[in-house]
Amino acid sequence: EKNPSDEWKTSLGGQLYLDARPDPNFRVFGKVGGSLEVSKETSEQPLDLKLLELFSDFNYDNKVFFRAGKQNVKWGVGYFYSPADVISVGRIDPQHPDEELEGPVALKVHYPRGSTNYYLYTLFDGVTEPSQIALAPKMEFVFGGTEIGLGGFYQKSKAPRAMLTLSSSLGDFAVFGEAVVGKDTDEIFFQTTAGARYSHNDPDGLFNLSGAAQYFYDGEGHDTAKHHIGAMLGWNDILDSKFSALTRLNANVSDKSGLVTNILSLPSISKVSPSVGVTFAYADLGPTLEPFRSTTVFAAITLGSGSF
């Protein structure tokens with residue numbers, strides 16, 4: 001805030017899909033993502049291409065189902081944080097919680113029986129010899145109106161983990177929780193998270209509201225446990241207009257740092273969607289330093305599924 005600056009950045013991204021089904025019992029799917037970014041500070045145009053998914057689906061007698069290759073996997077039920085997703089390569093960005101996560105190279109075996117699903121993942125990321133292959137079994141079952149997941153992860157060079165997920169409803173709220181127990185060298189660590197999501201759409205289209213709140217306790221790899229909170233409140237088509245607003249908070253309660261984001265989406269023209277916003281970042285740097293404060297005002301234009 002003491003030294004204001006301006007920044008201009010253009011980013012363009014997209015995805016290319018391939019979905020082939022040469023046989024009713026066999027499918028091949030591939031997805032490549034690309035992004036191009038240009039900023040005011042540089043004339044370079046870095047193009048980033050990434051293989052997001054490439055797998056094949058097949059089955060045995062329509063009873064046991066297999067998926068082999070690089071694939072997206074969602075083990076957790078959390079929105080801003082998901083410690084129970086112990087096998088995805090990517091991790092949720094709390095500032096963009098709806099984005100897809102990069103998945104592992106794996107062989108998934110799925111055996112559904114009634115309302116219960118049994119899975120076994122054999123994971124090959126970073127494997128150079130057979131002894132490094134990871135195994136991750138999981139079971140999902142429904143109890144009343146609640147879905148429960150139980151799973152585990154084992155790899156020779158990493159901390160073994162056991163996980164529990166729960167998702168249910170409480171009135172108009174969708175509630176969820178996760179718990180993870182692991183063992184790193186001689187120490188047992190614990191992670192847990194709980195939260196809720198809410199949406200409301202009135203018949204007149206005046207108050208289309210959505211919200212989420214989540215707490216995350218992280219006891220892995222720290223001298224002291226970390227406490228995080230995330231919250232979001234959105235109002236789509238405000239009072240039946242073409243304007244939408246979103247406020248999002250992500251905070252580390254333990255070190256008193258966080259980021260508040262406010263976005264106002266303006267009426268779209270064709271597939272061009274402009275928006276303006278303000279972000280406020282803060283951090284407590286300790287008793288001998290002044291607290292950090294930073295405010296950023298920005299404008300953005302989204303074109304289709306990309307933005308620049």
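A few notes on this one:
- For Ser167, the test of being out of contact with any strand residue (DSSP E or B) (no Cβ under 7 Å at 6 or more places or on another chain) and closer than 30 Å to Val105 by Cβ is failed.
- Test result for Phe141, touching a residue at least 12 places away in the same chain (Cβ under 8 Å) and either open to solvent by 80 Å² or more (accessible area, probe 1.4 Å) or over 28 Å from Tyr111 (Cβ atoms) (or both): no
- Residue list for segment 251-282, restricted to those being of a type in the set (Ser, Thr, Tyr) and assigned to a strand (DSSP E or B): Ser257, Thr261, Ser265, Ser273, Ser275, Thr279, Tyr282
- Leu170 being within 20 Å of Gln191 (Cα to Cα), open to solvent by 70 Å² or more (accessible area, probe 1.4 Å) and either at pLDDT below 95 or of a type outside the set (S, T, N, Q) (or both): no
- Residue within segment 197-205 that is over 29 Å from Leu123 (Cβ atoms) and open to solvent by less than 30 Å² (accessible area, probe 1.4 Å) present: yes
- Top-ranked residue of segment 222-249 - restricted to ones that are assigned to a strand (DSSP E or B) and among the basic types (Lys, Arg), ranked as surrounded by the most Cβ atoms within 10 Å (Cβ to Cβ): Arg248
- Among the residues of segment 250-273, not a single one is touching a helix residue (DSSP H, G or I) at 6+ places or on another chain (Cβ under 7 Å) and either open to solvent by 40 Å² or more (accessible area, probe 1.4 Å) or farther than 30 Å from Gln15 by Cα (or both).
- Set Gly78, Gly69, Gly30: member being on the phi > 0 side of the Ramachandran plot and surrounded by 17 or more Cβ atoms within 10 Å (Cβ to Cβ): Gly69
The values are calculated or read from the model by the stated rules, or taken from the named source; none is laboratory data. Note that the coordinates shown come from a computational prediction; the quantities given were computed from them, not determined experimentally. Glycine also receives a Cβ, built like all others from the backbone with ideal geometry; neighbour counts cover every protein chain displayed. To get the accessible areas, we keep the full protein, side chains included, count just its heavy atoms, and leave off ligands, DNA and RNA. Shrake-Rupley method; radii C 1.70, N 1.55, O 1.52, S 1.80 Å.
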